[in-house]
Amino acid sequence: MASFRRFRPDDLDKFSKCNLDPLTETYDLSFYLQYFAKWPTLFQVAEDPNGNIIGYIMGKLESSPDYFKYSDHYLPWHAHITALTVAPEARRLGIGKILTENLEVAAEAGSAWFVDLFVRKSNTRAINFYESMGYNVYRVVKDYYGDNVNDPTAHGEDAYDMRKPMSRDKTLKHIREDGRSHAVHPEDVF
């Protein structure tokens, strides 16, 4: 059985089981510590009975800068899932779902309009997971990822920007049903 708690800096030494997955981005130490310092309620871990980290989620609350305010790509106050990963031996046990739900609770407490995330277009398992939790594709970000895990000769890989509305978005203004037909470039995404 897993227990869930906020991230602590000494957890960085225990992430390797989770970060070995080729679809999990691995960041430098300062990046993880920045999230810990700025958004501690949005950075949680799942721990097994032996103290091993078997999953984690990193998120933040943000909006686009003011100079984007009149752009079609402006993002109001929202929560963003930067990373969600579960160690291979702990998958399909509901850990990712619990971590995501915990982040959504923090997003609601932070008055976010929605929660968003980026996922590789080829990562059908993750896309299905997020859709089962109420997320929809809002737009396609062309060549968002600089590499392509399925084809090393390809230039890059598109991402889906997926969103789930929070209770503040009563009119569902910040989601769309036909998101796969709306393409943007990485420079359009803050």
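The values are calculated or read from the model by the stated rules, or taken from the named source; none is laboratory data. Not measured: the values here are computed from a predicted model. No Cβ is skipped: glycine too gets one built from the backbone with ideal geometry, and neighbour counts run over all protein chains shown. Keep in mind that these areas ignore ligands, DNA and RNA; they rest on the heavy atoms of the full protein, side chains included. Shrake-Rupley method; radii C 1.70, N 1.55, O 1.52, S 1.80 Å.
Remarks
- Rolling a 1.4 Å probe over the heavy atoms of the protein chains gives the chain an accessible area of 53 Å² per residue.
- Considering the chain, its Cα convex hull presents a mean projected area of 11.1 nm².
- Highest-first arrangement of 126-134, 94-102, where packing means the average Cβ count within 10 Å: 94-102, 126-134
- Structure note, pairs 14/121; 142/170; 38/121; 17/97; 97/121; 142/173: Cα-Cα distances above 25 angstrom occur for 14/121; 142/170; 38/121.
- With both labels modelled 7 Å from their Cα along Cα-to-Cβ, the residue 66 to residue 3 distance reads 4.6 nm.
- Anisotropy class of the stretch 96-190 from Cα gyration tensor, a/c 1.5 cut: prolate
- Percent accessible area from carbon and sulfur atoms, the chain, protein chains only, probe 1.4 Å: 53
- As a rough guide to protection, the peptides 176-183, 86-93 ranked by mean Cβ packing within 10 Å, highest first, stand as 86-93, 176-183.
- Figure legend: label point modelled 7 angstrom from the Cα of residue 170 along Cα→Cβ; residues of the stretch 101-130 with amide N under 15 Å from it are 113.
- Cα convex hull of the stretch 17-109, projected area averaged across orientations, nm²: 7.5
- Crossing angle, helix 95-109 versus the chain [Cα axis fit, 0-90 degrees, rounded to tens]: 60
- Listed peptides 28-35, 54-61 appear in the order 54-61, 28-35 once ranked by packing, highest mean of other Cβ atoms within 10 Å at the front.
- Computed lengthening from residue 177 to residue 24, 0.36 nm per intervening residue step minus Cα-Cα distance: 52.4 nm
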